[in-house]
Every structure is written in C-alpha cells, then in structure tokens.
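Taken together, the values in this text are just the output of simple stated rules run on the coordinates, not laboratory data. These figures come from a predicted structure and were not determined experimentally. As a convention, Cβ positions derive from the backbone with ideal geometry for all residues, glycine included, and neighbour counts pool all protein chains shown.
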Amino acid sequence: GAGVSQSPRYKVAKRGQDVALRCDPISGHVSLFWYQQALGQGPEFLTYFQNEAQLDKSGLPSDRFFAERPEGSVSTLKIQRTQQEDSAVYLCASSLGRTGFSGNTIYFGEGSWLTVV
Amino acid sequence: AQTVTQSQPEMSVQEAETVTLSCTYDTSENNYYLFWYKQPPSRQMILVIRQEAYKQQNATENRFSVNFQKAAKSFSLKISDSQLGDTAMYFCAFMKQVGNQFYFGTGTSLTVIP
C-alpha cells in the first residue's frame, strides 16, 4: 500500500476485555515496529519484527501484551484483559531495511487510539 | 541506557519568524542517529530531519536545520520562516547505529501564530 495502515483507528474497550490492533506495513518492508504513546508522552518502543521473526520484544510491558507477524507482512498487537493504564495510542512503523534503521526511512502509521473504560 | 530530554513543553512563534527547539540526549554510544519528528493531531509521525552522528556538517532540509553539538550531546532544531502548517508536536529521537528502536523525548508543542 501507499503507507502504513492501522486499524481500528479508535477502540473503546471495557476493562478486562481483549483487544487486537492491526498493522498493514508498506508492501515489501522487512522491518516492523510497534510503539505505545501515552497522553502527553513520546512514543515508547514495544517490539520489533524482521519479516516474521520477532527479534526484540523487550518493550512489551507485561505478558498481557502479545504481537505477531506470521507471514512477514501484516502484524497484530493483542492486549489481553485490558486495564486503564493500557489507554494510549499504539503506533506501527515499517522500514525497508533488515536491521531496523540502516539508512532507510522509517514510516509511521496514524496509530490506533485505545481507551479502556 | 539512552535518554532524550526536551525541556520546552510548549513554544510559540509568529508566522514568518524563526524558532529553535532544544533537545539534549545521553548515550555512551559513539555512532548513532538523531531525528526530529513532527506529529500533527492525526498522530502520524512525520520525519522532519535526521543527522548521522559521524557527520560534522549540520543537516538541513529546506526551512529546517539542526545545530548538532556532539560533545555537548545537543541537537536543536531551527525552523525558519515559520508557517501555520508547522503547528504540531515535535519529538526529538535517538537511535543506535545498529538498532531497532527509537528513544523519544517528551515533545515540544509548537504553535505558529498568524
């Protein structure tokens, strides 16, 4: 596609509900990233994929967070038993390069706004 | 650990004037990349400018330029001839040379006043 596409754009979840956020990266992009941006803060790294391999998940805040990219293109970020502190914008980004940033531009989507009530 | 600090939560500038946004960072790395991203209300992060730490020459992109002081670990953004469309949040970010994650500051909200 022309850009990184994320869905849903807005999601309201009741506390304890499971949610799934989808990211369609730019076609052919090898690297894919997820970031969490709380209100008034800068984005914080969650996880990184190179093709289908999840090479870094050090930023995932708890075992309630799970991400996958089974075929090396579309990625899903799943949050189980959502809590109010999970309320944030979840940003997806992709890059052509294999090792994250290697001179290639990283493109961000518009994010999925999650509100947990 | 890498940290990025933006000490100006909010700034404003008159249209057509020049404004400078500050950023400092802390790292033990010698080679790395620095970025300024713009985030409008749509929340999409848009790359404004980037700087490779091994380059002494300051990066420029049209009305946007940086003042990169490696020894001082400072990376400020200068916006010349400010336009109404420049109104947005601006984030300074750091990435290791071989890395896969950005370290972002907390942002500066810039308002261009007509």
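General observations
- Each Cα pair under 8 Å and six or more residues apart adds its separation to the average, and for chain B the resulting relative contact order is 38 percent.
- Modelled spin labels at A:Ser87 and B:Lys78, positioned 7 Å past Cα toward Cβ, are 4.2 nm from each other.
- Relative contact order for chain A, counting Cα pairs under 8 Å that sit 6 or more residues apart, in percent: 36
- Think of each Lys and Arg Cβ as +1 and each Asp and Glu Cβ as -1; about the Cα centre, that makes the dipole of the protein assembly as shown roughly 280 debye.
- Region A:1-71 - convex hull of alpha carbons, volume per residue in Å³: 118
- Convex hull of Cα atoms in chain B, direction-averaged projection (nm²): 6.8
- Sorting B:3-9, B:44-50, A:39-45 by their mean Cβ neighbour count within 10 Å, with the most densely packed peptide first, gives B:44-50, A:39-45, B:3-9.
- Residue by residue along A:105-111, Cβ atoms of other protein chains within 10 Å of the local Cβ number 5 on average.
- Region A:47-93 and region B:36-114 have Cα centres spaced 26 Å apart.
- Student exercise, region A:5-110 dipole from Lys, Arg, Asp, Glu Cβ charges, in Debye to nearest 20: 240
- Among A:Ser95, A:Gln83, A:Leu39 the positive-end extreme of the charge dipole of region A:5-110 (Cβ point charges): A:Gln83
- Unit charges on C-beta of K, R, D, E only; dipole of chain B, Debye: 320
- Other protein chain Cβ atoms within 10 Å, averaged over every residue that makes up B:92-104: 6
- Violating pairs (Cα-Cα greater than 27 angstrom) within the set A:Lys78/B:Lys73; B:Lys38/B:Lys70; B:Lys55/B:Lys78: A:Lys78/B:Lys73
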